[in-house]
Each structure stands twice: as structure tokens, then as C-alpha cells.
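Everything below concerns the one structure shown next.
The values are calculated or read from the model by the stated rules, or taken from the named source; none is laboratory data. This one's a predicted model, so the numbers in the text were calculated from it and none came from an experiment. Heads up, the Cβs are rebuilt from the backbone with ideal geometry, glycines too, and the neighbour counts pull from every protein chain shown.
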Amino acid sequence: MSEEQIAVTPLDADSDVSFEPIETTTLNERVVQVVRDAILTGKLRPGTRLNETRLARELRMSRIPLREALQRLEEQGLLVNVPRKGRFVVSLTDEEVQKINSVRLLLEVEALTLCRAKIVRSQEAELASLVYKWEDNISAMNASEGAELDSHIHQTIWSFTGNEYILKTLTSLTRPLFAHRVIRKLNVELTQWGHNSHIPLLEFVQNKSNNSAREVMLKHLQFGWENPDRFSSGYVEEHLAESRSEANE
């Protein structure tokens, strides 16, 4: 998210948003929970700038533990830190979402392929357990729980590649995306969200799929995102070929 694209909504003295003081026990965890809940319920809207001074005063705590809590939320993708401006609730444009998903598609195809080549029986059982947990329970989950399990399934695949840099890169890349989906509710209604099965991913890893890794992953991403491959080389080449064909007719 660039500085120019941030819709600044300052959390200042004139804001209607306020927080109740919290107990000092498990302080860091409580701060993370309070601010996270405020973001996910829309109390803090996308693009809102957090005023640390006011937040510390309302929560009746020093700024050092507050910053630690906000850092954790930043690591979870719910906040972004813009130099010389402060921390903001994550807000992505449609183009940014498409760019992230285009890079994600490239890396997740590699992750699926490596996972299939390297996975052992115990890991396959672990992945299958998560996938069927999704299949059996997603209709009863709220958006935050669904996004967390969705992320967990993908991170499990990445962790089984044998390449820790794929895991680190994809985790960092997708954090704001998963958070953005929950905040903006860009995905389909939760009752339909469960129809986006992870079984095709599992079947590919189990070598039971006739589709390529790219076909499997692209179909998975297309369920919840519009043109997730728009900034990928495959998409560009396909549309370039179509343009040339039309020009020759």
C-alpha cells in the first residue's frame, strides 16, 4: 500500500471511536484482542490511522507495551506501518489485490509441486485433517475463523516444501491479503465460502489430480478473487495472443 493510496482517517480527539480501559493482567494479549476486534468489526475502518498517544491514554497503559501489541497486529497483516506517517488499518486497492494474487499464484504453484514431491505420510495425514476440518466446519465459522483456517491450510502446504524461504515469502505476502478479505468481506458470503473446497489442492499433493498445479491453484483463487492472475505472465501472454489473433482476422 503506497503513501498516495492511503485514505487517512485519523483517530484523533474528534473521532467517534473510543476504547474502554483494560486490566493489566495479560496486557499485551488483551490489547491485541481489543484492537483486532475493533478492526474486524468495522469499529476501526480500513485506512484509519492509529493515534498511539490517545490509544495508550484510553487503554491506561504506557506506549512501549502498546507498540509491542501493535507490532503483533502488523505481523498479522491487520496494520501497516508507513514511515513518517504511522500505523494504519490495512486497506488494499483492487489492483494491489490482483498484484499480490499474481505473485501468490506463481509461488503457490511451486509450493504445490514441491509439496507433492516431498510430502511424507504423516504430513499428508496432517494436511488432510485440516482440509476436512474446513469441509466439515466452514459453514459454522465466522469470517475471521474461516480466514485463519484457510491461511493455516496454505501455510501447511508451504511448510512441507522443504524450502523455508517459500514459507516466509508467502506468509509475508499473504498476511495483508487474508486480513483485507476479512475486513472488506471481499469473499463471497460465508455460507458459499465453504464451496471453495481445498480438496483439489489435497488431491494434487496426493498425486490424484489430472490437472496441473497452476490449473488447481488458479481455480482455487478465482473462487474468491476477480482476475487473480491479471498481473501474471500467463495472463499477459494469453491476452496478447488473443489481440494478435483478432488483428490478423
| message | I'd like the full set of residues that are free of Cβ contacts under 8 Å to residues at least 12 places away in the same chain and among the hydrophobic types (A, V, I, L, M, F, W, C), limited to segment 136-177. | response | 140
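Could you tell me whether any residue of segment 37-44 is among the hydroxyl-bearing types (Ser, Thr, Tyr), free of Cβ contacts under 8 Å to residues at least 12 places away in the same chain, closer than 14 Å to residue 183 by Cβ and not assigned by TED's automatic domain parsing to the domain that holds residue 143? Working first, answer last.
Our first condition is that a residue be among the hydroxyl-bearing types (Ser, Thr, Tyr); within segment 37-44, this holds for 41.
In the following step, the residues that additionally are free of Cβ contacts under 8 Å to residues at least 12 places away in the same chain were identified as 41.
Now drop any that are not closer than 14 Å to residue 183 by Cβ, which leaves 41.
Those left that are additionally not assigned by TED's automatic domain parsing to the domain that holds residue 143: 41.
For segment 37-44, residues among the hydroxyl-bearing types (Ser, Thr, Tyr), free of Cβ contacts under 8 Å to residues at least 12 places away in the same chain, closer than 14 Å to residue 183 by Cβ and not assigned by TED's automatic domain parsing to the domain that holds residue 143: present.
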| task | Determine if segment 35-49 includes at least one residue that is in a helix (DSSP H, G or I), under 15 Å from the mean Cα position of the chain (by Cα), modelled with pLDDT of 85 or more and of a type in the set (Val, Ile, Thr). | result | no
| field | Search result, residues across segment 55-77 that are surrounded by 15 or more Cβ atoms within 10 Å (Cβ to Cβ), assigned to a helix (DSSP H, G or I), hydrophobic (A, V, I, L, M, F, W, C) and out of contact with any Lys or Arg (no Cβ under 9 Å at 6 or more places or on another chain) | value | 66
| said: So for segment 154-174 (the condition being surrounded by fewer than 20 Cβ atoms within 10 Å (Cβ to Cβ) and aromatic (Phe, Trp, Tyr)), does at least one residue qualify? | reply: yes
| Filtered residues of segment 102-134 (kept if of a type in the set (S, T, N, Q) and either over 20 Å from residue 214 (Cα atoms) or at pLDDT below 95 (or both)) | 122, 123, 129
| query | When the residues of segment 199-236 are filtered to those that are assigned to a loop (DSSP other than H, G, I, E, B) and among the basic types (Lys, Arg), which remaining residue is farthest from residue 93 (Cα to Cα)? | reply | 208
| request: Would you point out the residue of segment 162-182, among those that are of a type in the set (D, E, K, R) and farther than 23 Å from residue 37 by Cβ, that is nearest to the chain's Cα centre (by Cα)? | output: 168
| note | With criteria (1) free of Cβ contacts under 8 Å to residues at least 40 places away in the same chain; (2) crowded, with 17+ Cβ neighbours inside 10 Å, residue 109 comes up short on (1)
